[in-house]
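The block underneath contains the structure these notes are about, expressed in structure tokens.
We did not get these values from a lab; they are worked out from the coordinates using the rules stated. It should be emphasised that the depicted structure is a prediction, and the values quoted were computed from it without experimental measurement. Cβ atoms come from the backbone with ideal geometry, glycine included; neighbour counts cover every protein chain shown.
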Amino acid sequence: SQTIHQWPATLVQPVGSPLSLECTVEGTSNPNLYWYRQAAGRGLQLLFYSVGIGQISSEVPQNLSASRPQDRQFILSSKKLLLSDSGFYLCAWRSWGTDTQYFGPGTRLTVL
Amino acid sequence: GENVEQHPSTLSVQEGDSAVIKCTYSDSASNYFPWYKQELGKRPQLIIDIRSNVGEKKDQRIAVTLNKTAKHFSLHITETQPEDSAVYFCASAGGTSYGKLTFGQGTILTVHP
């Protein structure tokens, strides 16, 4: 069966510090991968998606970036965090030819 | 791009009553409409979904209806229970969107015992 992991689970970072969040999927090949952000009390906003290794599409211009160095690994990064980057970051995956997206457990980021 | 509006933002019902949450979408090319339930601090979990070639789908106490002409879809929960209390999100995807989901803003459902 397929599983999706995210780490860390929680993170508290000062403004201006770098960020690296990791997402890995097990039990499937060539998944579509997605990064979403959820601000407190709000809906989910798509940040990036990837249909293959090295292929990244950005949905929202901001100080975040994403990379997919391996088929089942998706990384979200920032060189300098802003207060507005605080939120719940969710990674999701989908198999080719199917519709359903499955979410990882999320990383709760607080920028102080 | 696609825009999804969800109403109401909060919904309070008594245990055993029905609950209905409605969403409208803007892109007529959208063809997939999932509903997710999110409990406090947890990940969203898919509870039901529907494709545009189907008008209604049921799964026990949960049902979703789709009106393509009006571009709206609804979640119906019957015989609500306290454990149904959560935030519910609708979403849409389709066309050449590579499965990208556009979410509504969510509905906080509270079921009072």
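Taking 8 Å as the Cα distance limit and 6 or more residues as the minimum spacing, I'd like the relative contact order of the stretch A:28-112 as a percentage.
RCO, the stretch A:28-112: 30 percent.
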### Query
Can you pull out the trypsin sites (Lys or Arg not before Pro) in the stretch B:57-104 that DSSP calls coil and that have at most 10 other Cβ atoms within 10 Å?
none
### Message
Please compute the contact order of chain B in relative form: average sequence separation of alpha-carbon pairs under 8 Å and at least six residues apart, divided by the residue count, as a percent.
### Response
36 percent
### Where trypsin sites (Lys or Arg not before Pro) in DSSP loops with at most 14 other Cβ within 10 Å are excluded, longest remaining stretch of chain A
A:1-41
### Query
Listing A:Ile75, B:Ile77 from the residue with the fewest other Cβ atoms within 10 Å to the one with the most, what is the order?
A:Ile75, B:Ile77
### Query
Under a 5 Å amide H to amide H cut-off, with H placed in plane at 1.01 Å, what residues pair with B:Glu15 once short-range neighbours are removed?
B:His112
### Task
Would you mind counting up the charge near A:Cys23? Only other residues with Cβ under 10 Å from its Cβ, with Lys and Arg at +1 and Asp and Glu at -1.
+1
### Query
Taking amide H positions as placed 1.01 Å from N in the peptide plane, with prolines and chain starts having none, which residues 5 or more places from B:Gln105, or on another chain, fall under 5 Å of its amide H?
B:Gln6
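Determine the percent antiparallel among the DSSP beta bridges restricted to the protein assembly as shown, to the nearest 5.
Restricted to the protein assembly as shown, the bridges split so that about 90 percent are antiparallel.
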### Task
Using θ = phi - 60° and the Karplus relation 6.51 cos²θ - 1.76 cosθ + 1.60, list the HN-Hα couplings for the stretch A:93-98 in order, rounded to whole Hz, with x at every Gly or Pro.
9, 8, 7, 4, x, 10
## Note on the structure
Most exposed first, judged by fewest Cβ atoms within 10 angstrom, B:Cys90, A:Cys23 run A:Cys23, B:Cys90
## Note on the structure
Expected sort for B:Ile21, B:Ile48 with the fewest Cβ neighbours (10 Å cutoff) up front is B:Ile48, B:Ile21
### Task
Read phi for every residue in the stretch A:17-28 and hand back ³J(HN,Hα) as whole Hz from Karplus 6.51 cos²θ - 1.76 cosθ + 1.60, θ = phi - 60°, with x for Gly and Pro.
7, x, 9, 8, 10, 10, 9, 10, 10, 10, x, 8
### Message
Using +1 at the C-beta of Lys and Arg and -1 at the C-beta of Asp and Glu, which of A:Ser95, A:Gln38, A:Gly16 has the Cα lying farthest in the positive direction of the dipole of chain A?
### Response
A:Gly16
### Task
Nearest 5 is fine: what % of DSSP beta bridges in chain A come out antiparallel, could you say?
90 percent
### Query
Can you pull out the GluC sites (Glu not before Pro) in the stretch B:40-113 that DSSP calls coil and that have at most 15 other Cβ atoms within 10 Å?
B:Glu79
### Query
Stokes-Einstein at 20 °C, 1.002 mPa s, Kirkwood radius from Cα pairs: D for the stretch A:17-65 in µm² s⁻¹?
172 µm²/s
### Task
Could you tell me which of B:Tyr88, A:Trp7, A:Ser58 has its Cα farthest along the dipole of the protein assembly as shown towards the positive end, charges placed at Cβ (Lys, Arg +1; Asp, Glu -1), taken about the Cα centre?
A:Ser58
#### Entry: Percent antiparallel among DSSP beta bridges (both partners in chain B, rounded to 5)
90 percent
